[in-house]
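Notes for the one structure printed next.
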Amino acid sequence: MAAFSYICDSVAVITMSNPPVNALSSALIRAVQKAVEEAIGDFAVEAIVIRGDKGKFSAGADIREFNRLERGPPLVSLIDLIEDSKKPVVAAIEGVALGGGLELALGCHYRIAHAQAYVGLPEVLLGLVPAAGGALRLPRLIGISATLSMITTGKYVQAREALKLGIVDKVVGENTVDEAIQLAKKVIGQPLGSRQLSTLPVQCPPNVEAFLDEAMVKVKKQFRGAQSPLACVEVLRAAVQLPYLEGKKKERELFQFLYTTDQTRAQQYAFFAEREVAKWTLPSGASWKTASPQPIRTAAVIGLGTMGRSIVTSLAKAKIPVIALEQDKKQLDIGSKAVMSLLDREILKMEQLGHTEFTNSLGPVQFTLDYGKLRDVDIVIEAVFENMALKKEIFRHLSGICKPEAFLCTNTSGLDIDEMASVTNRPQMVIGTHFFSPAHIMKLLEVVHGHYTSSTTISTAMRLAKMLGKVGVLVGNCPSFVGNRLMRLYVEQAVFLVEEGSKPEEIDRALEDFGLAMGPFRMMDLAGLDIGWKARTEIGLTGPKLPIGTPARQRGSKRYSPLPDILCEKGRFGQKSGQGWYKYEKSGGRNAMPDPWLYNFLSEYQRIHNLKTHYVTQEEIIERCLYVLINEGFKVLEDGIASGPEDIDVIYNNGYGWPKYTGGPMYYASIVGLPVVLTKLEKYYGANPDIPDLKPSSFLKKLVSKGNPPLKEWRSHLGFQSSML
Ligand SMILES: CCCCCCCCCCCCCC(=O)CC(=O)SCCNC(=O)CCNC(=O)[C@H](O)C(C)(C)COP(=O)(O)OP(=O)(O)OC[C@H]1O[C@@H](n2cnc3c(N)ncnc32)[C@H](O)[C@@H]1OP(=O)(O)O
Ligand SMILES: NC(=O)C1=CN([C@@H]2O[C@H](COP(=O)(O)OP(=O)(O)OC[C@H]3O[C@@H](n4cnc5c(N)ncnc54)[C@H](O)[C@@H]3O)[C@@H](O)[C@H]2O)C=CC1
């Protein structure tokens with residue numbers, strides 16, 4: 001690793017080099033500092049260009065060094081040195097300039113970016129605030145409002161948007177470093193005062209204090225429970241109220257405070273967990289390193305309902321040409337209109353951000369009723385109704401039509417992949433690609449590995465996830481896979497608590513206060529209660545297939561709540577019908593209001609079933625709903641359906657609105673302490689012996705008996721013998 005310089009005419013070019021992303025480790029910072037000092041002191045040098053090796057400027061501080069930050073990295077003084085230089089310094093930004101990387105670029109007097117480059121201050125996503133002057137310089141460059149949006153969300157901004165905002169001075173299509181050298185030469189001898197951002201006034205909207213107060217309220221609501229977005233607003237307040245040097249002190253104080261919190265540790269864990277799960281390995285030895293993904297140049301999607309239309313949009317956004325197929329003309333018209341409207345929205349969004357070329361860069365979408373058109377596609381994603389007979393019919397058909405090299409994927413939310421594979425002529429090329437709604441927005445793709453699925457197919461599906469900008473997590477084939485398998489028990493527990501005397505809004509509030517994006521009842525109303533009802537009817541838990549004489553609140557020896565079924569029988573499907581667990585202003589309304597009808601209905605239900613209600617505390621709500629989910633997580637590990645706790649956490653963080661600042665359900669359990677989780681589960685199971693899902697799993701018990709080892713050691717306590725992966 002080194003920062004070395006060469007001189008091109010009178011311009012010194014300093015290259016930051018620390019593969020793979022030129023993270024600013026202490027060693028790299030020291031090396032850049034030395035090179036800048038040399039360039040400043042060298043009479044032959046009249047200007048300086050700073051660039052990153054291998055097409056990446058810098059991804060910011062080296063996160064792996066964070067636990068060693070006690071010594072304090074000299075990044076701040078390096079940036080000050082650059083800004084104070086009498087010789088102009090130009091940042092040549094290729095790839096990424098993130099966090100400390102962008103802060104370093106903001107210390108430079110000019111910034112040139114390649115059109116494909118991204119910049120951002122994503123510290124908030126790691127539970128931190130920008131602390132190397134970024135939150136003080138950026139508002140002096142682009143104003144408080146744009147800075148607020150960038151630092152509280154941590155979003156990455158593409159070069160053209162950065163140009164529009166004023167973060168970079170120029171965007172180029174090629175030869176970024178050469179262009180930077182030309183610019184550096186041009187500005188030699190020009191005054192630099194207006195380019196030293198720390199010396200400029202902060203650009204504020206009128207009544208900035210009220211603006212920041214309002215921002216604080218909004219951020220508290222948007223990022224419920226997270227500390228770092230609040231600190232981001234505070235650091236901006238400091239930028240507005242204090243002179244630069246005092247602002248710097250405040251910035252440092254806030255960073256120091258956040259740096260010691262559990263939230264930042266959880267978010268750093270979540271960051272590395274996401275990278276970890278990409279490196280899948282099967283017990284057979286096949287892995288991401290050895291398997292060769294096949295190219296995906298064209299795709300087809302079957303079924304343009306809720307999921308199909310957003311999967312098509314996701315593929316088009318990734319510039320993959322798609323053929324979209326429906327069952328009849330009417331559905332095709334509805335589906336194609338829906339897709340076009342989603343694509344229009346995407347185009348508009350991108351145009352607003354300054355990407356004028358975006359219209360041409362969407363993959364083309366072709367709509368058809370003709371299966372023959374699917375002959376040459378590389379991959380097909382089936383997204384028709386959740387019905388095994390229908391899915392098998394489609395897979396059989398695809399088998400006869402698609403070229404032998406085509407991969408066949410299903411978006412089923414939980415049906416058996418092997419059963420679908422068994423009717424094809426290529427079971428090794430069948431795989432589950434479980435998208436989350438809406439598929440063009442949600443980051444998660446559960447990649448479901450069937451018994452026959454080959455490692456080439458797995459690596460191709462994982463590559464697809466990456467192409468779509470998603471996090472792919474490889475899981476085994478079992479009913480409902482990982483995410484929904486855990487979610488079902490969480491939702492069921494919430495419904496039991498309503499039977500026991502709690503109200504839907506109390507349960508939602510408790511879990512939303514914990515940090516979940518949406519409580520279980522609002523979530524059910526949003527998704528549509530009829531979906532679960534249909535599934536339960538199909539498997540005979542309710543409806544005509546239910547044996548006569550089955551007790552209303554019991555299935556086998558387990559407790560069952562018929563409440564959601566009864567709501568559906570009464571036409572209460574959630575938002576779509578204007579009534580569900582809540583009432584809404586109209587069908588399709590989004591404003592959930594507690595419904596007095598439901599209270600009367602519940603009292604009557606409790607009377608009929610002779611239920612003894614009790615006051616359910618917030619603690620009981622959180623513990624029963626979350627610990628039952630976590631307990632199932634341990635069973636999933638035990639069954640070999642997920643290869644490690646990180647996989648479950650990544651699924652929950654990216655697909656289920658779990659608060660990343662608690663790391664994910666399994667990490668959260670490790671912080672609470674496994675003995676505590678075990679004791680609580682034993683207590684709740686003791687009180688509810690007809691809910692066997694509360695019975696502590698044997699893997700949880702094993703880990704407690706092994707002395708509550710840290711999460712990274714859990715895998716070593718799993719045997720591979722039962723792995724489904
Ligand atoms: C008590 C202490 C008091 C101290 C007081 C101090 C006061 C002031 C101090 C100032 C401190 C300054 C702190 C600072 O600079 C803040 C930061 O910069 S935080 C970091 C911000 N950056 C990010 O969050 C970037 C994260 N990375 C990404 O988004 C992506 O990785 C990226 C877009 C760069 C590349 O994506 P992709 O191509 O998809 O590749 P991968 O994601 O798989 O990454 C490849 C590889 O690189 C590793 N990596 C990425 N970023 C970093 C990083 N910043 N540090 C270390 N390593 C990184 C990643 O883990 C992958 O490696 P694996 O081995 O595969 O895991
Ligand atoms: N809705 C959701 O939030 C999620 C659903 N899923 C799964 O995705 C699949 C699709 O679900 P939704 O989009 O919600 O269903 P949907 O009911 O909204 O759409 C299904 C579409 O498939 C079409 N279709 C039916 N038979 C067809 C055939 N023979 N050929 C072509 N098209 C046909 C229908 O006309 C309809 O447009 C299901 O397997 C579901 O379990 C997975 C994740 C989330």
Of the residues that sit in the stretch 376-389 and are in contact with a strand residue (DSSP E or B) (Cβ under 7 Å, 6 or more places away or on another chain) and among the acidic types (Asp, Glu), which one is farthest from ligand 2 (Cβ to nearest atom)?
-> ASP378
Could you list, in sequence order, all residues of the stretch 135-189 that are over 25 Å from ALA210 (Cα atoms), in contact (Cβ under 8 Å) with a residue 12 or more places away in the chain and of a type in the set (Lys, Arg)?
-> ARG160, LYS164, LYS170, LYS185
Output for the stretch 422-438, where each listed residue is in a loop (DSSP other than H, G, I, E, B) and either in contact (Cβ under 8 Å) with a residue 40 or more places away in the chain or in contact with a Gly (Cβ under 7 Å, 6 or more places away or on another chain) (or both) | PHE436, SER437, PRO438
For the stretch 492-533, how many residues meet the condition of being within 16 Å of ligand 2 (Cβ to nearest atom) and of a type outside the set (A, V, I, L, M, F, W, C)?
-> 6
Test: ASP418 is among the acidic types (Asp, Glu) and under 30 Å from LEU163 (Cβ atoms) | no
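Can you tell which of LEU541, LEU474, LEU489 is more than 13 Å from ligand 2 (Cβ to nearest atom) and assigned to a helix (DSSP H, G or I)?
One residue alone meets the criteria, LEU489.
Yes/no per residue for (1) more than 31 Å from the chain's Cα centre (by Cα); (2) under 17 Å from ALA535 (Cβ atoms); (3) aliphatic (A, V, I, L, M); (4) more than 15 Å from ligand 2 (Cβ to nearest atom):
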{"site": "LYS391", "(1), (2), (3), (4)": "no, yes, no, no"}
{"site": "PHE395", "(1), (2), (3), (4)": "no, no, no, no"}
{"site": "ILE401", "(1), (2), (3), (4)": "yes, no, yes, no"}
{"site": "ASN411", "(1), (2), (3), (4)": "no, yes, no, no"}
{"site": "ASP416", "(1), (2), (3), (4)": "no, yes, no, no"}
{"site": "ASN425", "(1), (2), (3), (4)": "yes, no, no, yes"}
{"site": "SER437", "(1), (2), (3), (4)": "no, yes, no, no"}
Is at least one residue of the stretch 349-367 assigned by TED's automatic domain parsing to the domain that holds VAL475, among the acidic types (Asp, Glu), away from ligand 2 (no atom under 12 Å from the Cβ) and exposed (fewer than 14 other Cβ atoms within 10 Å of the Cβ)?
-> yes
Please give the number of the condition GLY532 fails out of (1) within 21 Å of SER480 (Cα to Cα); (2) assigned to a loop (DSSP other than H, G, I, E, B).
-> (2)
Answer yes if at least one residue in the stretch 281-290 is out of contact with any Phe, Trp or Tyr (no Cβ under 8 Å at 6 or more places or on another chain), within 16 Å of ligand 1 (Cβ to nearest atom) and in a helix (DSSP H, G or I), and no otherwise.
-> no
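Residue-wise test of (1) in contact (Cβ under 8 Å) with a residue 40 or more places away in the chain; (2) closer than 30 Å to VAL448 by Cα; (3) of a type in the set (S, T, N, Q); (4) part of a loop (DSSP other than H, G, I, E, B).
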| site | (1), (2), (3), (4) |
| --- | --- |
| VAL240 | yes, no, no, no |
| PHE257 | no, no, no, no |
| GLU274 | yes, yes, no, no |
| ILE296 | yes, yes, no, yes |
| SER310 | yes, yes, yes, no |
| LEU315 | yes, yes, no, no |
| ALA338 | no, yes, no, no |
Provide a single number: the residues in the stretch 130-174 that are hydrophobic (A, V, I, L, M, F, W, C), within 22 Å of the chain's Cα centre (by Cα) and more than 16 Å from ligand 1 (Cβ to nearest atom).
-> 1
Could you list all residues from the stretch 632-644 that are closer than 18 Å to TYR490 by Cα and surrounded by 24 or more Cβ atoms within 10 Å (Cβ to Cβ)?
-> GLY633, PHE634, VAL636, LEU637
Looking only at the stretch 370-407, which residues are among the aromatic types (Phe, Trp, Tyr) and either surrounded by fewer than 14 Cβ atoms within 10 Å (Cβ to Cβ) or part of a helix (DSSP H, G or I) (or both)?
-> TYR371, PHE385, PHE395
What is the residue count in the stretch 615-641 for residues that are farther than 18 Å from GLU682 by Cβ and acidic (Asp, Glu)?
-> 1
Please work out if ARG224 is charged (D, E, K, R) and in a loop (DSSP other than H, G, I, E, B).
-> yes
Considering each of ASN631, ASN708 in turn, give the residue that is within 26 Å of VAL471 (Cβ to Cβ) and either modelled with pLDDT of 95 or more or in a helix (DSSP H, G or I) (or both).
-> ASN631
Within the stretch 209-239, the residues that are farther than 21 Å from LEU126 by Cβ and either of a type in the set (Asp, Glu) or modelled with pLDDT under 95 (or both) are GLU209, ASP213, GLU214, LYS221
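The values are calculated or read from the model by the stated rules, or taken from the named source; none is laboratory data. In this text, all values refer to a predicted model and were calculated from it rather than measured experimentally. In this analysis, Cβ positions are derived from the backbone assuming ideal geometry, glycine residues included, and neighbour counts consider all displayed protein chains.
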